[in-house]
Amino acid sequence: MYFVFLPSIIIIVLSFFKINQIVMSFVATSVIFPAIYLFFNHMHNDYFMVDDLNAFILLVSSVVAVGVSISMISLPYRLGLKKKQIKHFYLFFGIFFLGLTLSILSNNMGLYWIGLEFATLSTVYMIKIKYSTFAYNESWKYLIVGAIAISLILFGIILIYSATKPLLQEQAMDFYSLIENAKMINGYLFEIGFFLVSTGMFIKMGFFPMNLWIADIERSAIYQVGALFSGILESAILLGFFRLSEVEKVVNNAHLITFTYVYGILTLFMVSFLIYRAKDYMRLFSLSGIEHMSLIVIFWVSGGYFAALLHFAAHAFIKPALFLSTAVLESHRKYNFRGTLKGIGGTPTLLISMLMLAIISLPPSPMFFSEIYGFKAMIESATLSSHFLLMVGVVFFILLLLSIVFYKFITIYQEALYEEGEPSHIYRSEILTLSIFVVATLTLILPPVLQAIEGIMS
Amino acid sequence: MTDIFMGFFLATLIISLFTTRLFRLYSWYALNSLFLGLIAMSVSFELDDNEMLIVGCITIIMKSLIIPFVLRDITLKFNLQRSIPLSIQNHFLVIIVPLILAFTFYLIEPITIMYLQSNYVTIAVSSLFLSLLLIMEHKTVASKVLGFLFIENSLFLLAISATKGMPMIIELGIFVDLMMFIVVINLLFKPQEEK
């Protein structure tokens, strides 16, 4: 199964040579082939385990990687990047994807962390591929915040390992052994570890109170970095949370629900108002990404696995596409919404409109269905408890916050579509990228795909 | 012997919280890492674990010799500011540090029955909080990076004390990551020089 790492290694090696940039982009799309193979052929060895969940997440991440690598074709013309900078991008993109694949496929918590750390460190340099003082400062900020987050994750992993080692010996590092033996685990130490891991993961996803760092970083970096962050890096982080929360659910479900709900709702509260005040597309999409991440974790801990996975996949396709379309929307000015959809042609306008309306869950967006199922799972999880009315209140409160986001997005969309603005130019590779993401998003609402997603956790 | 090294480990970390010169902070980091390596070696003799002995030796060579030297080199090469004033004043630190220690002992108290060496876990967890405090109290990038390296040491201490060592492959992976961290720092400073 080690062939899965081959495309990333080829990208890293080729980045040291003089190669046509279009060829390089198409080489980078080869990451999809092992992902497709593993999706249909599950396997495992001492350190890696491919099951339905991580095969699905790897496939989604690979589709995002394909979209991002095709969008790279037009980047030198769009941002005036030099060949050396493009080569650097591919070098770190290769390391990033290698780390992410390692992380997603590992059954070992230690390897999961190592992969995540590689991915984090490689993105630090990607942020300042196009050099500016802002990008330089933000890459430092990311290095420090990312390092703290990743350290908390490792600290938590070690505590979890120490809590389970007397019971499972060397197997205490395996996700599967933990899930299988969850009932026998020493609760207190495991829980301290789990909460530290979760806090680290939530910091990396930009949850409260660290809402702004991720938006600033994505604003300062090239558009592809935002796409990689939202479409791939957060997928790997979520996978770790999914796995460990399954154990915590058995150890102490009440603590898990309370911790995640408080964290998630505080984040939603802050982010909805930050979105309301957003002045540019990048921050708008970045903050919206945090909003969706908090919804995913809330759905997951409520037992809405189907809702969480559908929401995750839809977010992974729509958000990178929106980040990449920002290159077109901001081609004249950064802090402007007015008339940004004017003059880019019928097809691109349709594609960007579809994506912008899909991200706020307008039907038939997959997010509409995932939210319906997610809220249903939240209510169902409370029907047998004495907190039913509280849960209904929580659902209404979340809907209220989401309506603020909905209102802001609709206002911006109307401003962009109907007000006068300067016409922008869109490259063919950008149209191709957007088409890939739109098709991928539409695929999610096909009945066989919905059935397959539903079957992942059952 | 492990207890003595553990005490020195915590002491060097606490002293570094009050340090206002960069090179002195590097020295405290080197000493902190030296005691960490000695703890690993001491535990390895107790457990008769050769893997941990190797890890202890690598720690001393890498963290107490190579990394401080590389950081010193980077500081001189890029002419970084060597005065690192604290944003939290000393009289507040004197209160905060014991509070952190007391809080951690209280936090870990429920596991004292289960673990014979729960004090080691407490020291590791308090080192994490103290390292986070070090990051918070400094405004310069170099000292924040040192804060991260102190966190790495407390992680390592936890791995040694609470788990009696992690699997070798994981520990080597962590070392590789640490080296990549230093490489990225070097790369990040580069454009500043060009500028």
query: Quick check: anything in segment A:40-55 in contact with a helix residue (DSSP H, G or I) (Cβ under 7 Å, 6 or more places away or on another chain), more than 12 Å from chain B (Cβ to nearest Cβ), free of Cβ contacts under 8 Å to residues at least 40 places away in the same chain and not in a helix (DSSP H, G or I)?
result: yes
- request: Could you please find all residues in segment A:74-95 being farther than 17 Å from residue A:430 by Cβ and either in a helix (DSSP H, G or I) or open to solvent by less than 30 Å² (accessible area, probe 1.4 Å) (or both)?
  value: A:83, A:84, A:85, A:87, A:88, A:90, A:91, A:92, A:93, A:94, A:95
task: Could you please tell me which pairs satisfy a Cβ distance under 7 Å, a separation of 6+ or placement on different chains, a first residue in segment A:423-441 that is part of a helix (DSSP H, G or I), and a second residue that is open to solvent by 50 Å² or more (accessible area, probe 1.4 Å)?
output: A:431/A:347; A:438/A:354
Positions within segment B:135-145 being surrounded by fewer than 24 Cβ atoms within 10 Å (Cβ to Cβ) and not small (Gly, Ala, Ser), in sequence order: B:135, B:136, B:137, B:139, B:140, B:141, B:144, B:145
task: Starting from segment B:137-159, take each residue that is over 20 Å from residue B:66 (Cβ atoms) and within 7 Å of another protein chain (Cβ to nearest Cβ) and list its partners that are of a type in the set (D, E, K, R) and open to solvent by less than 10 Å² (accessible area, probe 1.4 Å), counting only C-beta distances under 6 angstrom and pairs at least six apart or across chains.
output: none
query: For the subset of segment A:106-148 comprising residues that are charged (D, E, K, R) and more than 13 Å from residue A:225 (Cα to Cα), which member is farthest from the chain's Cα centre (by Cα)?
result: A:141
message: Could you check segment B:62-102 and list, in sequence order, the residues that are polar (S, T, N, Q) and open to solvent by less than 40 Å² (accessible area, probe 1.4 Å)?
response: B:64, B:75
- request: Can you give me the number of residues within segment A:47-73 that are surrounded by fewer than 23 Cβ atoms within 10 Å (Cβ to Cβ) and not hydrophobic (A, V, I, L, M, F, W, C)?
  value: 3
field: Qualifying positions in segment A:179-223 - out of contact with any Lys or Arg (no Cβ under 7 Å at 6 or more places or on another chain) and basic (Lys, Arg)
entry: A:183, A:204
query: From the list A:102, A:98, which residue is more than 8 Å from every other protein chain (Cβ to nearest Cβ), assigned to a helix (DSSP H, G or I) and touching a strand residue (DSSP E or B) at 6+ places or on another chain (Cβ under 9 Å)?
result: A:102
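Yes or no, residue by residue, for (1) free of Cβ contacts under 8 Å to residues at least 60 places away in the same chain; (2) out of contact with any Leu (no Cβ under 7 Å at 6 or more places or on another chain):
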residue: A:318; (1), (2): no, no
residue: A:345; (1), (2): no, yes
residue: A:352; (1), (2): no, no
residue: A:369; (1), (2): no, no
residue: A:379; (1), (2): yes, yes
residue: A:386; (1), (2): yes, yes
residue: A:392; (1), (2): yes, yes
- prompt: Which residue, of A:144, A:160, is β-branched (Val, Ile, Thr), within 9 Å of another protein chain (Cβ to nearest Cβ) and either surrounded by fewer than 24 Cβ atoms within 10 Å (Cβ to Cβ) or more than 20 Å from residue B:187 (Cβ to Cβ) (or both)?
  reply: A:144
statement: Given the conditions (1) under 30 Å from residue A:354 (Cα atoms); (2) part of a helix (DSSP H, G or I); (3) in contact (Cβ under 8 Å) with a residue 60 or more places away in the chain, every one holds for residue A:420 apart from (2)
task: Any chance you could count how many residues in segment A:177-197 are away from chain B (no Cβ under 11 Å) and under 18 Å from residue B:159 (Cβ atoms)?
output: 3
field: Search result, residues across segment A:177-207 that are open to solvent by less than 10 Å² (accessible area, probe 1.4 Å) and among the β-branched types (Val, Ile, Thr)
entry: A:197
query: (1) without any contact (Cβ under 8 Å) to a residue 24 or more places away in the chain; (2) assigned to a helix (DSSP H, G or I); (3) surrounded by 13 or more Cβ atoms within 10 Å (Cβ to Cβ): which one isn't true of residue A:322, the others all being true?
result: (1)
statement: A careful count of residues in segment B:1-37 that are more than 16 Å from residue B:72 (Cα to Cα) and open to solvent by 50 Å² or more (accessible area, probe 1.4 Å) gives 7
query: How many residues does segment A:340-357 contain that are in contact with a helix residue (DSSP H, G or I) (Cβ under 7 Å, 6 or more places away or on another chain) and part of a loop (DSSP other than H, G, I, E, B)?
result: 3
field: Flag for residue A:235 being open to solvent by less than 10 Å² (accessible area, probe 1.4 Å) and under 19 Å from residue A:437 (Cβ atoms)
entry: yes
query: Do the conditions hold for residue A:174, that is, is it within 14 Å of another protein chain (Cβ to nearest Cβ), open to solvent by less than 40 Å² (accessible area, probe 1.4 Å) and more than 23 Å from residue B:118 (Cα to Cα)?
result: yes
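Any chance segment A:208-230 includes a residue that's among the aliphatic types (A, V, I, L, M) and open to solvent by 20 Å² or more (accessible area, probe 1.4 Å)?
Yes, segment A:208-230 contains at least one residue that is among the aliphatic types (A, V, I, L, M) and open to solvent by 20 Å² or more (accessible area, probe 1.4 Å).
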query: Residues of segment B:82-93 being part of a helix (DSSP H, G or I) and within 20 Å of the chain's Cα centre (by Cα), which ones?
result: B:93
task: Grab the helices (runs of 4 or more DSSP H) fully contained in segment B:16-81, keeping just those with 2 or more residues being in contact with a His (Cβ under 6 Å, 6 or more places away or on another chain).
output: none
statement: When every residue in segment A:198-217 that is part of a loop (DSSP other than H, G, I, E, B) and within 14 Å of another protein chain (Cβ to nearest Cβ) is compared, the one nearest to residue A:149 (Cα to Cα) is A:210
field: Of the criteria (1) surrounded by fewer than 24 Cβ atoms within 10 Å (Cβ to Cβ); (2) within 30 Å of residue B:127 (Cα to Cα); (3) touching a Leu at 6+ places or on another chain (Cβ under 9 Å), which one residue A:154 fails
entry: (1)
Residues of segment A:108-140 classified as more than 8 Å from every other protein chain (Cβ to nearest Cβ) and part of a loop (DSSP other than H, G, I, E, B), total: 3
- prompt: Among A:282, A:270, which is the only one that is part of a helix (DSSP H, G or I), open to solvent by 10 Å² or more (accessible area, probe 1.4 Å) and at negative phi?
  reply: A:270
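The values are calculated or read from the model by the stated rules, or taken from the named source; none is laboratory data. It should be emphasised that the depicted structure is a prediction, and the values quoted were computed from it without experimental measurement. Methodologically, a virtual Cβ is constructed for each residue, glycine included, from the backbone with ideal geometry; neighbour enumeration extends over all protein chains shown. Note: accessible area is taken over every heavy atom of the protein model, side chains too, but ligands, DNA and RNA are not part of it. Shrake-Rupley method; radii C 1.70, N 1.55, O 1.52, S 1.80 Å.
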